[in-house]
Amino acid sequence: MINLILLGLPGAGKGTVSERIVDKYHLTHISTGDMFREAMANKTKVGLEAKSYIDKGNLVPDEVTAKLVEERLNQPDIKEGFILDGFPRTTKQAELLDGILERVNKPLSNVISLDVNEQTLIERLSARFMCKNCGATYNKLTKMPKVEGTCDRCGGHEFYQREDDKPEVVKNRLEVNEKMNAPLKDFYEKKGLLTVIDGEQTPEKVFKDLDAVLSRD
Ligand code: AMP
């Protein structure tokens with residue numbers, strides 16, 4: 001069983017590489033960002049609470065986020081392992097996660113950090129757009145749908161830019177996340193779990209590097 005954490009700032013390519021890892025290793029992809037977006041769309045209690053933070057590019061409080069993750073990790077579909085994408089984002093969350101993983105009896109196999117410089121992140125986030133129907137991610141510079149105006153994954157025809165990918169929010173989002181990122185990496189480095197992968201590389205090469213780490217175990 002592979003239980004993996006993927007660290008990296010917004011735009012580092014966590015979602016893209018997760019798709020490939022999930023395909024190969026049949027892991028359950030758990031993205032707190034996706035879960036919050038779904039909760040907001042369904043106007044659930046958590047969704048309404050999270051919205052005010054997310055719209056400004058701030059972090060949702062640690063306890064709220066950790067609770068969401070614990071509920072998800074208790075679902076029966078996580079048999080062959082999981083990939084946590086976008087959680088933990090703070091050392092407090094990392095500490096809470098230690099407790100959660102102990103309770104659900106799922107020890108971590110690896111923590112991978114996708115490192116990308118800030119200029120690249122800004123360029124990637126501003127060029128990013130999503131399928132309105134299935135949430136698949138595209139990029140005006142690097143990943144257009146194969147057939148113009150049609151989603152590769154679900155065939156949908158409507159696309160949108162995430163509210164928090166708009167330039168006025170991106171700057172704050174990166175600042176907030178950057179501050180938290182280094183201590184988080186230290187936390188897992190000290191546990192001997194961290195591997196850093198150069199996220200400036202092509203998606204194929206990022207996947208290859210990550211695959212090499214996973215098949216090593
Ligand atoms: P993402 O799609 O991972 O960039 O997440 C979108 C937004 O959801 C973030 O900007 C945060 O406001 C919120 N969010 C996602 N994951 C977390 C987390 N682990 N802790 C706090 N807020 C989060």
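The values are calculated or read from the model by the stated rules, or taken from the named source; none is laboratory data. These numbers come from a predicted model, not from an experiment. Note that each Cβ is placed from the backbone with ideal geometry, even for glycine, and that neighbours are counted across all protein chains shown. What goes into the accessible areas is simple: the full protein's heavy atoms, side chains included, and nothing from ligands, DNA or RNA. Shrake-Rupley method; radii C 1.70, N 1.55, O 1.52, S 1.80 Å.
The single condition from (1) at negative phi; (2) more than 14 Å from the chain's Cα centre (by Cα) that Lys43 fails is (1).
Within segment 152-205, the set of residues being over 25 Å from Asn139 (Cβ atoms) and basic (Lys, Arg) comprises Lys179, Lys185, Lys190, Lys191.
Where strands (runs of 3 or more DSSP E) fall wholly inside segment 1-100, no range has 2 or more residues that are surrounded by fewer than 20 Cβ atoms within 10 Å (Cβ to Cβ), of a type in the set (D, E, K, R) and within 11 Å of the ligand (Cβ to nearest atom).
Quick one: in segment 130-140, which of the residues that are open to solvent by 70 Å² or more (accessible area, probe 1.4 Å) and either polar (S, T, N, Q) or in contact with an Asp or Glu (Cβ under 7 Å, 6 or more places away or on another chain) (or both) is farthest from Asp164 (Cα to Cα)? The residue in question is Asn133. Candidates are the residues of segment 75-98 that are modelled with pLDDT of 95 or more and more than 17 Å from the chain's Cα centre (by Cα); the one that is nearest to Val169 (Cα to Cα) is Lys92. Taking only segment 110-123 into account, find how many residues are farther than 12 Å from Gly8 by Cα and either modelled with pLDDT of 95 or more or within 13 Å of the ligand (Cβ to nearest atom) (or both). The total comes to 1.
Candidates in segment 163-191 are the residues that are more than 19 Å from Arg124 (Cα to Cα) and among the hydrophobic types (A, V, I, L, M, F, W, C); of these, the one that is least open to solvent (accessible area, probe 1.4 Å) is Leu184.
Taking the conditions exactly as written (free of Cβ contacts under 8 Å to residues at least 12 places away in the same chain, in a helix (DSSP H, G or I) and under 14 Å from Leu7 (Cβ atoms)), does Ala182 satisfy them or not? Yes.
If we scan segment 192-214, do we find a residue that is surrounded by 19 or more Cβ atoms within 10 Å (Cβ to Cβ) and small (Gly, Ala, Ser)? Within segment 192-214, one or more residues are surrounded by 19 or more Cβ atoms within 10 Å (Cβ to Cβ) and small (Gly, Ala, Ser). Checking each residue in segment 109-138 for being touching a helix residue (DSSP H, G or I) at 6+ places or on another chain (Cβ under 7 Å), closer than 19 Å to Ile21 by Cβ and part of a strand (DSSP E or B) picks out Asn110, Val111, Ile112, Ser113, Leu114, Thr137.
Put simply, of Gly57, Gly8 the only residue that is touching a residue at least 24 places away in the same chain (Cβ under 8 Å), within 13 Å of the chain's Cα centre (by Cα) and under 26 Å from Ala182 (Cβ atoms) is Gly8. Considering each residue of segment 141-162 in turn, none proves to be within 17 Å of the chain's Cα centre (by Cα), open to solvent by less than 40 Å² (accessible area, probe 1.4 Å) and away from the ligand (no atom under 16 Å from the Cβ). Within segment 201-217, the set of residues being touching a residue at least 40 places away in the same chain (Cβ under 8 Å) and either out of contact with any Asp or Glu (no Cβ under 8 Å at 6 or more places or on another chain) or part of a strand (DSSP E or B) (or both) comprises Pro203, Phe207, Leu210, Asp211, Val213, Leu214, Asp217.
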